[in-house]
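The structure appears right after this line, and notes come after that.
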Amino acid sequence: MKRCIVLGKANVGKSLFVLSFAEYLGVQKVSVTIEEPGRHGQSRTVSVRDAMAQWVSDTPHQTRALHAVQLELPVGKGVKRFELVDTSGLSEGIPRETAIRRAMAQTLAAVREADLVLHIVDASAAAQEGAVEAIGEVDFQVAHFAQMKGGYLILANKMDLPTAKEGLERIRQEFAGHPVIPVSARTKDGFREVKRYVWRWI
Ligand SMILES: Nc1nc2c(ncn2[C@@H]2O[C@H](COP(=O)(O)OP(=O)(O)O)[C@@H](O)[C@H]2O)c(=O)[nH]1
Ligand SMILES: [Mg+2]
């Protein structure tokens with residue numbers, strides 16, 4: 001099964017994107033495999049709404065383990081099955097807390113294995129110079145590291161917020177040469193384009 005990994009700094013909307021995209025594909029319940037660093041994954045079925053309440057948060061690093069959500073896309077008369085993987089946030093520098101450090105290392109290892117990388121950036125924060133959520137060094141490192149994969153897409157998220165238009169311009173300038181799709185994990189705007197892109201890689 002093809003694996004599509006969702007990366008980005010804390011709070012950019014990775015968890016909401018994964019669950020909102022699952023909802024967009026028409027599922028109310030998803031099978032999720034929780035992969036703790038160095039351990040065998042445990043699968044369970046959860047409702048998308050419950051998962052949203054649990055995973056989506058303003059507190060950074062809510063998602064320590066990889067959360068692989070099993071999904072499918074229609075192809076002809078059948079379906080293509082794939083995994084959309086929610087990851088813990090990447091942060092600048094080396095995190096002090098061991099658990100977060102391990103989670104980051106696990107995320108980067110998972111990038112190597114992935115067929116497609118979706119790199120989420122908060123467009124509403126991107127125009128604000130120096131803001132914690134703005135694009136940072138780690139985003140450029142991710143772009144550099146992940147572009148070697150071929151299947152690499154930047155999602156400029158939170159386009160429903162007023163400052164996002166300006167942020168999108170900046171993202172397009174900073175990441176010139178990379179594909180960028182503006183989206184809102186809240187309103188599902190832009191999901192049609194994302195679906196089309198994902199379909200090509202899985
Ligand atoms: N307005 C708006 N808020 C969003 C959007 N995506 C995520 N958020 C909010 O941003 C915060 C962080 O989201 P979360 O998915 O937990 O981010 P993660 O740390 O990258 O997984 C939460 O309060 C979300 O409700 C979006 O597209 N628009
Ligand atoms: Mg999260």
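Values in this text are rule-based calculations from the coordinates and carry no lab data. Given the structure is predicted, the values throughout are model-derived calculations rather than measurements. Please note: Cβ atoms are built from the backbone with ideal geometry, for glycine as well, and neighbour counts cover all protein chains shown.
Sorting the segments 40-46, 99-105, 84-90 by their residues' average number of neighbouring beta-carbon atoms within 10 angstrom, most packed first, yields 84-90, 99-105, 40-46.
Here residue 165 is the anchor, and the lysines within straight C-alpha reach of less than 23 Å, apart from those fewer than 8 places off in the same chain, are 9, 14, 188, 195.
Taking only the C-alpha atoms of the range 58-202, the Rg (one decimal) and the largest Cα-Cα distance, Dmax (whole number), read 15.5, 50 Å. Taking a straight line from the alpha carbon of residue 80, these aspartates and glutamates sit under 13 Å away, with near neighbours fewer than eight places off in the same chain left out: 72. Evaluated with a Cβ-only charge set (Lys, Arg +1; Asp, Glu -1), the chain carries a dipole of roughly 820 debye about its Cα centre, given to the nearest 20. So what's the gap between the Cα centers of the range 1-21 and the range 164-181, to the nearest angstrom? Centre-to-centre (Cα) distance: 18 Å. The simple spin-label model puts a point 7 Å past each Cα toward its Cβ; for residue 25 and residue 112 those points are separated by 2.6 nm.
Annotation: aspartates and glutamates with alpha-carbon distance below 15 angstrom to residue 158 (same-chain offsets under eight excluded): 58, 122, 133, 166, 169, 189.
The stretch between residue 200 and residue 50 holds 51.0 nm of extra length on full extension. This uses 0.36 nm per residue minus the Cα-Cα distance.
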